[in-house]
Amino acid sequence: MKPLRAFAIVVLASLASACATQPAKPALPALVGAPEANQAARATALAAFPGWSMTGRIAVTNGQQGGSGRIEWRQDGARYAATLSAPVTRQGWRVSGGPDGATLEGMAGGPRSGPDAAALVFEATRWRVPVDALGDWLLALQRDGDAARFGDDGRIDRIEGEGWVVSYADWRAVQGVELPGRIEAVQGVAKVRLVVDDWTLGAAAP
């Protein structure tokens, strides 16, 4: 096993409890009106906050190996910075980028850059994570070509795009806008699960 991959597996696998269940929050009431219109209104409201951040817990698996850790995502327009770390050891890595490409830092061998953030993460860790799409998918926003499905409560329940199926649950109101508290992205045997501890709209740039 390459040292770079071994380091990533140790960081993630050392924290099996990072996505432990939190006490359930009261569910929001069902929405009234056409789901597509409600989603469009939510997207318009979020557009007023080009800067935002979230902190929480992430669990990943590639079908054979899995692990978990803490995640912090900061978005400023088209630019993002995501940090994944083990709370106990403080080891971790950071991927940042935008339209001009991405950089992965914190791995053995030093920083590496390239045009595709997901490819950088996969090469270093063997984890499939849709990094470039997460800026929209974390907010439950469709990208061009995505298909959406709505639940019985009128909220977006699933987004399908780029070979991924992204599901949402545990909606909560954040600064007047509804955002999901649980997000799960699946592509074949690859799975990424996020539990959000905190959303902030209007965050400072990464």
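Go through the stretch 56-172 and tell me which strands (runs of 3 or more DSSP E), entirely inside it, have 3 or more residues that are among the hydroxyl-bearing types (Ser, Thr, Tyr). First the steps, then the outcome.
Values: elements: 66-76, 79-85, 92-98, 101-105, 112-114, 147-150, 156-161, 164-169.
Strands (runs of 3 or more DSSP E) meeting the threshold: 79-85.
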All but one of (1) in contact (Cβ under 8 Å) with a residue 40 or more places away in the chain; (2) under 16 Å from the mean Cα position of the chain (by Cα) hold for ARG94; state the number of the condition that does not hold. (1)
Among the residues that make up the stretch 149-159, is at least one of them within 17 Å of the chain's Cα centre (by Cα), within 22 Å of GLY63 (Cβ to Cβ) and open to solvent by 10 Å² or more (accessible area, probe 1.4 Å)? yes
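Can you find a residue that is within 28 Å of ALA169 (Cβ to Cβ) and touching a residue at least 24 places away in the same chain (Cβ under 8 Å) anywhere in the stretch 109-125?
Taking the stretch 109-125 and keeping what is within 28 Å of ALA169 (Cβ to Cβ), we get 117-118, 121-122, 125.
In the following step, the residues that additionally are touching a residue at least 24 places away in the same chain (Cβ under 8 Å) were identified as 121, 125.
Within the stretch 109-125 (the criterion being within 28 Å of ALA169 (Cβ to Cβ) and touching a residue at least 24 places away in the same chain (Cβ under 8 Å)), the answer is yes, since at least one residue qualifies.
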From the list ASP132, ASP170, ASP136, exactly one residue is modelled with pLDDT under 95, farther than 14 Å from ALA190 by Cβ and open to solvent by 40 Å² or more (accessible area, probe 1.4 Å). Which is it? ASP132
Assigned to a loop (DSSP other than H, G, I, E, B), charged (D, E, K, R) and over 12 Å from the mean Cα position of the chain (by Cα) - does that describe any residue in the stretch 190-206? no
Subset of the stretch 1-55, residues closer than 30 Å to GLY77 by Cβ, open to solvent by less than 50 Å² (accessible area, probe 1.4 Å) and modelled with pLDDT under 90, comes to ALA8, VAL11, LEU12, ALA18, CYS19
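The values are calculated or read from the model by the stated rules, or taken from the named source; none is laboratory data. Model, not experiment: these values are computed from the prediction. With ideal geometry, Cβ positions are generated from the backbone for all residues, glycine too; neighbour counts draw on all protein chains shown. Each accessible area value is taken on the protein alone, full model and side chains, heavy atoms only, with ligands, DNA and RNA left out. Shrake-Rupley method; radii C 1.70, N 1.55, O 1.52, S 1.80 Å.
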